[in-house]
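Below is one structure, written out as structure tokens; comments come after it.
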Amino acid sequence: MPDVKIMRVSIAADRCQGHNRCCLVAPELFEADDEGNAKARGDGIVAAGLEQKARLAVANCPEHAVRLTGA
Ligand code: F3S
């Protein structure tokens, strides 16, 4: 069996301050909620080809609120 890892993104709501850089660098993965804070789109699974954008979102959040698992 190949070792297939599923990457998933999420937002730590207690840290997010609504800078929205994650939405800018990876709009396929994040969207703003009604209060302007970010949330992961859908179930947060990072589709093939979006891994780099997911990492960019992690690196660009000044509050360290973007979580990436399975990387
Ligand atoms: Fe929030 Fe960071 Fe995005 S503060 S809106 S998770 S860039």
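The values are calculated or read from the model by the stated rules, or taken from the named source; none is laboratory data. Since we're looking at a predicted model, the values are computed, not measured. All Cβ positions, glycine included, derive from the backbone under ideal geometry; neighbour counts span all protein chains shown. What goes into the accessible areas is simple: the full protein's heavy atoms, side chains included, and nothing from ligands, DNA or RNA. Shrake-Rupley method; radii C 1.70, N 1.55, O 1.52, S 1.80 Å.
Skip the ligands, DNA and RNA, and give the accessible area per residue of the chain with a 1.4 Å probe, whole Å². Before the final figure, lay out each step's value.
Working: 4650 Å² over 71 residues.
Each residue of the chain exposes 65 Å² on average to a 1.4 Å probe.
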The long-range amide H neighbours of ALA65, using H built 1.01 Å from N in the peptide plane and a cut-off of under 5 Å, are none
Given a 1.4 angstrom probe, I'd like the percentage of the accessible area of the chain that is carbon and sulfur, rounded to a whole number.
50 percent
Please compute the modelled spin-label separation between LYS5 and ALA47, points set 7 Å along Cα→Cβ, answer in nm with one decimal.
2.2 nm
Explain nothing, just compute: Karplus ³J(HN,Hα) = 6.51 cos²θ - 1.76 cosθ + 1.60, θ = phi - 60°, for every residue of region 47-63 in order, whole Hz, x for Gly and Pro.
5, 3, x, 9, 4, 5, 5, 4, 5, 4, 5, 4, 5, 9, 7, x, 9
Between GLU31 and ASP14, the two model label points (7 Å from Cα along the beta-carbon direction) sit apart by a distance in nm of 2.7 nm
What dipole magnitude, in Debye to the nearest 20, does the chain give about its Cα centre under +1 on Lys/Arg Cβ and -1 on Asp/Glu Cβ?
260 debye
If you average over every viewing direction, what projected area does the convex hull of the Cα atoms of the chain give, in nm²?
4.7 nm²
